[in-house]
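To keep things clear, I will list the structure first and then write my remarks on it.
The values are calculated or read from the model by the stated rules, or taken from the named source; none is laboratory data. Because the structure is predicted, anything quoted here is derived from the model rather than measured. Don't worry about glycine lacking a Cβ; one is built from the backbone with ideal geometry, like all the others, and counts go over all protein chains shown.
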Amino acid sequence: MTQSGFIDCPHCGVRNRIPVLGKTQQVRCGRCGADLPVNPVMHCNESDFAETVLSSPIPVLVDFWAAWCGPCKMLAPELEKLATSFAGKVRVVKVDIDKNPALADRYAIRSVPTMLVVRDGKVVDTLNGAMPAAALAQRLQPWLS
């Protein structure tokens, strides 16, 4: 079950309140009617990185991860907590380095998990290793103006 919270519509950007949902339920944006992802963490690839991350009107926490990485698996639920509690203020995006090696090379990702904070299309901070949602939130505070 997903807890009640907010999700930004990936199509029009409006903030939507979501109720407690089962895994098979779907919700729609109140403004444009597009289906909203139940999981507020977005997945991104090389073709949509510029639109999803670099053109975002709000700061973005980009998690470079790999399916074989134990710490990456530990970080995933913390990112979901962060994405839910900071909905509308921070976008959380995951990039699989094995499927998107050019992005990993472009941002000099040498170990995973590595997270980049991107604001106004520029990398403003780098975070390495798994950490709890509270520590992530603290690191994001300077970029939330």
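Selection of first residues in segment 24-38 that are surrounded by 13 or more Cβ atoms within 10 Å (Cβ to Cβ) and of second residues that are at pLDDT below 70 and not in a strand (DSSP E or B), restricted to Cβ pairs under 8 Å at least 6 apart or on distinct chains, gives the following pairs, ordered by first then second residue: Val27/Pro19; Val27/Val38; Val38/Lys23; Val38/Gln25.
The rows are residues; the columns are (1) in the same structural domain as Asp8 (by TED's automatic domain parsing); (2) of a type in the set (Asp, Glu); (3) in contact with a Ser or Thr (Cβ under 7 Å, 6 or more places away or on another chain); (4) more than 28 Å from Arg15 (Cα to Cα).
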| site | (1), (2), (3), (4) |
| --- | --- |
| Ser56 | no, no, no, no |
| Arg91 | no, no, yes, no |
| Val95 | no, no, no, no |
| Ala102 | no, no, no, yes |
| Ser111 | no, no, no, yes |
| Gly129 | no, no, no, yes |
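Of the residues in segment 84-104, how many are assigned to a loop (DSSP other than H, G, I, E, B) and among the aliphatic types (A, V, I, L, M)?
3
Here segment 11-31 is the region considered, the condition is being assigned to a loop (DSSP other than H, G, I, E, B) and either within 16 Å of Glu80 (Cβ to Cβ) or in contact with a Lys or Arg (Cβ under 7 Å, 6 or more places away or on another chain) (or both), and the residue that is modelled with the lowest pLDDT is Lys23.
For the structure I just gave you, tell me whether Lys81 is in contact with a Pro (Cβ under 9 Å, 6 or more places away or on another chain) and part of a helix (DSSP H, G or I). The answer is yes for Lys81. Taking segment 105-117 as the range and being buried (at least 20 other Cβ atoms within 10 Å of the Cβ) and assigned to a loop (DSSP other than H, G, I, E, B) as the test, the residues that pass are Ile109, Val112, Pro113.
Among all residues of segment 120-136, there is at least one that is assigned to a helix (DSSP H, G or I) and touching a helix residue (DSSP H, G or I) at 6+ places or on another chain (Cβ under 7 Å).
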